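The values are calculated or read from the model by the stated rules, or taken from the named source; none is laboratory data. Note that the structure is a prediction, hence the values are computed from the model and not measured. Virtual Cβ from ideal backbone geometry, glycine too; neighbours counted across all protein chains shown. With ligands, DNA and RNA removed, areas are computed over all heavy atoms of the protein, side chains included. Shrake-Rupley method; radii C 1.70, N 1.55, O 1.52, S 1.80 Å.
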Amino acid sequence: MRTWEYATVPLIVHATKQILDQWGEDGWELVTVIPGPDGSNPVAYLKREKAA
């Protein structure tokens with residue numbers, strides 16, 4: 001059975017691509033982006049398969 005680990009990452013609007021590219025290089029897949037708790041800075045939710 002596949003298992004997953006998850007991460008939440010605050011995004012800085014002017015550096016969103018660089019942040020997501022870095023996490024992607026580390027094997028993380030973007031699941032969704034939602035507004036942060038303050039309503040302005042978005043938060044990315046990512047997942048990747050856990051190593052067995």
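Report the extension gain between residue 38 and residue 51 in nm, rounded to one decimal, defined as 0.36 nm multiplied by the number of residues separating them, less their alpha carbon distance. All intermediate terms of the calculation are to be shown ahead of the outcome.
Working: separation 13, 0.36 × 13 = 4.68 nm, distance 3.43 nm.
Taking residue 38 through residue 51 to full extension adds about 1.2 nm, to one decimal.
Inter-label distance, residue 2 to residue 19: 2.6 nm, where each label sits 7 Å from its Cα along the C-beta direction.
Each residue of segment 39-51 was assigned a 3J(HN,Hα) from its phi angle through the Karplus curve 6.51 cos²θ - 1.76 cosθ + 1.60 (θ = phi - 60°); the sequence is x, 10, 8, x, 10, 9, 10, 10, 9, 8, 6, 6, 6 Hz, with glycine and proline shown as x. Quick check: the angle from helix 16-25's long axis to the longest principal axis of the chain, C-alpha only, nearest 10 degrees? Its long axis makes an angle of about 10 degrees.
Using a 10 Å cut-off on Cβ atoms, rank the peptides 40-47, 24-31, 10-17 from the highest mean neighbour count down. Mind dumping the intermediate values first?
Numbers: 40-47: 14.6, 24-31: 12.1, 10-17: 10.6.
Put in order of decreasing packing, that is 40-47, 24-31, 10-17.
Accessible area per residue for the chain in Å², computed with a 1.4 Å probe and the full protein assembly in place, what is it? Numbers along the way, then the final one.
On the way: 4010 Å² over 52 residues.
Per residue, the chain has an accessible area of 77 Å².
For residue 36, nonlocal amide neighbours, meaning residues 5 or more places apart or on other chains whose placed amide H falls under 5 Å from its own, are 41, 43.
Overall shape: oblate for segment 7-49, with the ratio a/c of the largest to smallest alpha carbon gyration tensor axis at 1.5 or above and b/c at least equal to a/b. By accessible area, using a 1.4 Å probe on protein heavy atoms only, the chain has 56% of its surface on carbon and sulfur.
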